[in-house]
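Enquirer: So that we are looking at the same thing, I have put the structure below in structure tokens.
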Amino acid sequence: MTAPREATKRARELREQIEHHNYRYYVLDDPEVADAQFDALMQELQQLEARHPELADADSPTQRVGGQASREFRAVVHAVPMLSLENAFAEQDILDFDRRARERLDVERIVYSAEPKIDGLAITLRYERGRLVQAATRGDGTRGEDVTPNVRAIRSVPVQLRGKRWPAVLEARGEVFMTRKSFEGLNKRGLERGEKTFANPRNAAAGSLRQHDPSITAQRSLDLFFYGMGAIEGWTVPPRHSAVLAALRDFGLRTCPEIAVVDGVVGCLEYYARIGGKRNALAYEIDGVVYKVDRLDWQRDLGFVARAPRWAVAHKFPAQEQTTTVREVKFYVGRTGALTPVAHVEPVFVGGVTVSNVTLHNMDEVARKDVRVGDTVVVRRAGDVIPELVRVVPEKRVPGAREVRLPRQCPVCGSHVDRTEGEAVARCSGQLVCPAQRLGALFHFASRRAMDIDGLGERLIAQLIESGRVATPADLYTLTIEELAGLDRMGPKSAANLVAALEQSKQTTLSRFLYALGIRDVGEATALALAEHFGDLDTLVDASLEAIQQVRDVGPVVAGHVREFFDEERNRKVVAQLRAAGVAWPRIKRAATAGPGSMAGKVVVITGTLASMSREEAREAARAAGATVTDSVSKKTSLLVVGAEAGSKLKKAQDLGVMVVDEPSFLQMLGRGGPGA
Ligand code: IVH
């Protein structure tokens, strides 16, 4: 049965429109229609093809995710070999590359096309009379694998080139990659379903491209940027590489928006610095930049050596991931007594620095990653982010790799280690007996937002603790210029300055003082609320658990910590000594207690980083105002409070139509409009 003329005509119109919108959406990043309108066109075409099956051929946009599953990939011999690039890391290598090229060409200056080096897989697409006929991987450069059905499933790849003036044959070359976001989503789903996960976006892209079922490739949202050409027939090739890229773009083939034409080697190095600076903000991973001589006649003159062109070079960034081995795992004790496992690794140069320690955060993380002493591990350092242990390489596990055990005793003071059921963090029970906690506590006490004691650094505190001279914050106020001047790295001048700073710090505010004490979960916001509520310290010290819970930001957990702190004889003694030493604050007028239950009955979720309080404090504040606080957004959620860098919860709340408020509005709801003092 042949389709009636009208159906054929309409199908053609629809295909053209869909291809056009795909081009706007994927190549230009500038869609003209909303997704729903696009879907309607797709649906109409699908229905039309269902009624007239003879209209549906492999090139129809409706067929992209279908296609036949093939068991094996056919070999493809590349008409023009797919070469690789010379790699360079040092600036000097780039200066040498440019000098050699200029000497060979006998020119003063070269204009380059500077491009990100996308960390994916090289691919070549063959278009004949504008139609995609074949897509092949690079393979060994001479022979690759036919992955045509899978490449058809990549939405940004046109099966039909745009316009009319395309070459009879065009081999367009580029890089298939997966965005970080798709990669994270893929791994997350993999983890949830207990399937395999991928180490990085590159591997995920490779795995997805070599799927035997193209519909899986389609779900995995691959992307493609074109950066060059192979065999060409029936086309006057423009004189410059940059013009070739512009032509590819006009044909509907996507190129990387970061590509630029730069002047001379100085332009190259500027480009390297600029792209390096935004590397981690790009949606996809890159491992360097590529400089290509822009004039094609000069490219021809320069030719090739072995398997790489003399007219291009890859200027690589320092690797962000490296493998190394775990020598030992040690536990470090912080101010609150939390034990943090840290892996000491064989030093490796990664992300531009030598890394020898990587935090493992807590025992849950150790278990999740199954890190053992002796393991080969991948460490990562991206930008200025602290180095992390990405994963263990299980194939390289040596016999006798030792499991990491949480010590029963604090490695610093020997007190027993507590780990509450269900909590990730284990703590030393030694409190102020423990030098590590003491150091942390004193450092916090002296910090700028607490007592603000200028010149009392960590090293000095450590010396004072070691010599036994200082154990509690109160001891600090008994230090004299003479004894300080006798310490390492201390002259009479800095000793006098420190004593003056100690003296000055005595005039403080009650909220700073409460914050300085380092009571668990009492951050600046809670300290301020306590100070305003009770007005003076004695009332707080004597207040019952219930009375403390009346404070506007305080729920049962934090109230418990406050009560425990002041119930401890040692702590009360230190507080008394501090006051005796002259630490004092002006009395503040008591604020009216916040109206009870300003959030009564509300189900609240807090996400992102808040500026004025920790997440736990915010949760407590919401609870104290009568709300039920939960961790995940659902239809039952009445309010989502968002701080900086809110992630998927925000999107979910918006999708579900849940009310979303920012931090200032949240504070206002708590009856605390305006910033705290
Ligand atoms: S040009 C003859 N440009 O890097 C020149 N390659 O190490 C051939 N790559 O196999 C390549 N981004 O997979 C070129 N903008 C770019 C690139 C790029 C990534 C990859 C490509 C190639 C490998 C060479």
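All of the numbers you see were taken from the coordinates with simple rules; none came from a lab. Bear in mind that the values here come from a model prediction, so they are computed numbers and not experimental data. Note that we place each Cβ from the backbone using ideal geometry, even for glycine, and neighbour counts take in every protein chain shown.
Enquirer: What nm value, rounded to one decimal, do you get for the distance between Phe304 and Asn87 when each label is placed 7 Å out toward the C-beta?
Expert: 2.0 nm
Enquirer: Which three semi-axes in whole Å describe the equivalent ellipsoid of the range 423-501, each the square root of 5 times a Cα gyration tensor eigenvalue, listed largest first? Walk me through the intermediate numbers first.
Expert: Details: eigenvalues 124, 37, 20 Å².
That gives 25, 14, 10 Å for the three semi-axes.
Enquirer: If you don't mind, another one. Report the gain in length on full extension from Arg368 to Glu44: 0.36 nm times residue separation, minus Cα-Cα distance, nm rounded to one decimal.
Expert: Details: separation 324, 0.36 × 324 = 116.64 nm, distance 4.80 nm.
Residue separation times 0.36 nm, minus the Cα-Cα distance, leaves 111.8 nm.
Enquirer: For the chain, take the longest principal axis of its alpha carbons; what is the angle in degrees between that and the long axis of helix 264-278, to the nearest 10 within 0 to 90?
Expert: Tilt of helix 264-278: around 50 degrees.
Enquirer: Can you pull the one-decimal nm distance between simple spin-label points at Arg102 and Val398, each 7 Å off the Cα toward Cβ?
Expert: With each label point 7 Å from Cα toward Cβ, the separation is 5.1 nm.
Enquirer: Within 10 Å of each candidate Cβ there may be at most 13 other Cβ atoms; applying that plus a DSSP loop requirement, which GluC sites (Glu not before Pro) in the range 555-662 survive?
Expert: Glu568, Glu645
Enquirer: For the range 152-217, what class follows from the C-alpha gyration tensor (a ≥ b ≥ c being the square roots of its eigenvalues): rounded when a/c is under 1.5, otherwise prolate if a/b is larger than b/c, else oblate? All intermediate terms of the calculation are to be shown ahead of the outcome.
Expert: On the way: a/c = 2.97, a/b = 2.66, b/c = 1.12.
Cα axes put the range 152-217 in the prolate bin.
Enquirer: Same structure, new question: For the range 91-137, what's the radius of gyration and Dmax over Cα atoms, in angstrom?
Expert: According to the Cα coordinates of the range 91-137, Rg and Dmax are 17.3, 45 Å.
Enquirer: For the chain, I need the span (max minus min coordinate) of the C-alpha atoms along each principal axis, in Å, sorted largest to smallest.
Expert: Result, largest extent first: 95, 63, 52 Å.
Enquirer: Run the quick spin-label model on Arg408 and Asp662: label points 7 Å from Cα toward the beta carbon, then report their separation in nm to one decimal.
Expert: Result for the modelled spin labels: 5.4 nm.
Enquirer: Please report the spacing between the Cα centers of the range 619-660 and the range 108-144 in Å, no decimals.
Expert: 46 Å
Enquirer: Tell me which chymotrypsin sites (Phe, Trp or Tyr not before Pro) from the range 9-50 have a DSSP coil assignment and no more than 11 other beta carbons within 10 Å of their own. Numbers along the way, then the final one.
Expert: Values: sites: Tyr23, Tyr25, Tyr26, Phe38; in loops: none.
Passing both the DSSP loop test and the Cβ count: no residue.
Enquirer: Then there's this: Using the Karplus equation 6.51 cos²θ - 1.76 cosθ + 1.60 (θ = phi - 60°), what ³J(HN,Hα) coupling, rounded to whole Hz, does each residue of the range 369-380 give in order, writing x for Gly and Pro?
Expert: 8, 6, 8, 10, 5, x, 5, 8, 9, 9, 10, 9
Enquirer: Find the relative contact order for the chain and round it to a whole percent, using C-alpha pairs within less than 8 Å whose residues are 6+ positions apart. If you can, show how the numbers build up before the last one.
Expert: Details: 1241 pairs, mean separation 56.8, N = 677.
Once divided by the residue count of the chain, the mean separation gives 8 percent.
Enquirer: Near the amide H of Val393, under 5 Å away, which other amide H atoms are found, from residues 5 or more places off or on another chain, if H is placed in the peptide plane?
Expert: Thr376, Val377, Val378
Enquirer: What does the charge count near Val551 come to, summing +1 for each Lys or Arg and -1 for each Asp or Glu among other residues with Cβ under 10 Å from its Cβ? Please list the in-between numbers first.
Expert: Numbers: positive: Arg552; negative: Glu532, Asp553, Glu620.
Overall, the nearby charge balance is -2.
Enquirer: Name the long-range amide H neighbours of Val660: under 5 Å, sequence gap of 5 or more, or other chain; modelled H, no Pro or chain starts.
Expert: The answer is Leu640.
Enquirer: Cysteines of the chain lacking any other cysteine beta carbon under 4.7 Å?
Expert: Cys256, Cys268
Enquirer: Let me make sure I get this right: for the range 484-631, a, b and c are the square roots of the gyration tensor eigenvalues over alpha carbons, sorted descending. Under 1.5 in a/c it's rounded, otherwise prolate if a/b > b/c, else oblate. Which is it?
Expert: Taking the square roots of the gyration eigenvalues as a ≥ b ≥ c, the range 484-631 is prolate.
Enquirer: Can you report the principal axis dimensions of the range 233-309 using only the alpha carbons, biggest first, rounded to whole angstrom?
Expert: Sorted from largest, the Cα extents of the range 233-309 read 41, 31, 25 Å.
Enquirer: Right, next: Taking a 28 Å limit on the Cα-Cα distance, which of the listed pairs Lys181/Lys602; Lys9/Lys164; Lys117/Lys652; Lys117/Lys181 fall beyond it? Could you put the intermediate results ahead of the total?
Expert: On the way: Lys181/Lys602 32 Å; Lys9/Lys164 19 Å; Lys117/Lys652 34 Å; Lys117/Lys181 19 Å.
Cα-Cα > 28 Å for Lys181/Lys602; Lys117/Lys652; rest within.
Enquirer: Setting aside same-chain residues fewer than 8 positions from Lys316, which aspartates and glutamates have a Cα under 13 Å from its Cα?
Expert: Result set, ordered by chain and number: Glu86, Glu91, Asp93, Glu115, Asp119, Glu285, Asp287.
Enquirer: Continuing with the same structure: Using θ = phi - 60° and the Karplus relation 6.51 cos²θ - 1.76 cosθ + 1.60, list the HN-Hα couplings for the range 315-329 in order, rounded to whole Hz, with x at every Gly or Pro.
Expert: 9, 7, 7, x, 4, 9, 10, 9, 9, 8, 10, 8, 7, 6, 10
Enquirer: Sticking with this one: Could you order peptides 439-449, 577-587, 397-407, 493-503 by the average number of other Cβ atoms within 10 Å of their residues, highest first?
Expert: Details: 439-449: 19.0, 577-587: 14.5, 397-407: 12.5, 493-503: 16.3.
Put in order of decreasing packing, that is 439-449, 493-503, 577-587, 397-407.
Enquirer: Would you please give the residues with an amide H less than 5 Å from that of Phe304, counting only those at least 5 places away or on a separate chain, with H modeled from the backbone geometry?
Expert: Arg310
Enquirer: Please determine, in degrees from 0 to 90 and to the nearest 10, the orientation of helix 492-505 with respect to the longest principal axis defined by the Cα atoms of the chain, where the helix direction is its Cα long axis.
Expert: 80 degrees
Enquirer: Something else about it: Please report how far the C-alpha centroid of the range 173-237 lies from that of the range 503-525, rounded to the nearest whole angstrom.
Expert: If you average the Cα positions of each part, the centres end up 53 Å apart.
Enquirer: Using mean Cβ contacts within 10 Å as the protection proxy, how do 180-189, 222-231, 89-98 order, highest first?
Expert: Working: 180-189: 16.6, 222-231: 21.4, 89-98: 15.0.
By packing density, highest mean first, the sequence is 222-231, 180-189, 89-98.
Enquirer: Using the Karplus curve 6.51 cos²θ - 1.76 cosθ + 1.60 with θ = phi - 60°, work out ³J(HN,Hα) for each residue of the range 153-162 in order, rounded to whole Hz, and write x for Gly and Pro.
Expert: These are the phi-based 3J(HN,Hα) values: 6, 7, 5, 7, 8, x, 7, 10, 5, 7 Hz.
Enquirer: Let me ask something else. If one takes the longest principal axis of the Cα atoms in the chain, at what angle in degrees, from 0 to 90 and to the nearest 10, does the Cα axis of helix 91-105 lie?
Expert: Compared with the principal axis, the helix lies near 20 degrees.
Enquirer: Now for a separate question. Counting alpha carbon pairs within less than 8 Å and at least 6 residues apart, what relative contact order, in whole percent, applies to the range 1-146? Let's see the in-between values first.
Expert: Numbers: 109 pairs, mean separation 30.5, N = 146.
After rounding, I find 21 percent.
Enquirer: Within a Cβ distance under 12 Å of Val398, other residues only, what is the Lys/Arg minus Asp/Glu net charge?
Expert: On the way: positive: Arg372, Lys396, Arg397, Arg402; negative: Asp375, Glu395.
After counting each charged neighbour, the total is +2.
Enquirer: What relative contact order, as a whole-number percentage, does the range 154-252 give when Cα pairs under 8 Å and 6 or more residues apart are counted?
Expert: Value for the range 154-252: 47 percent.
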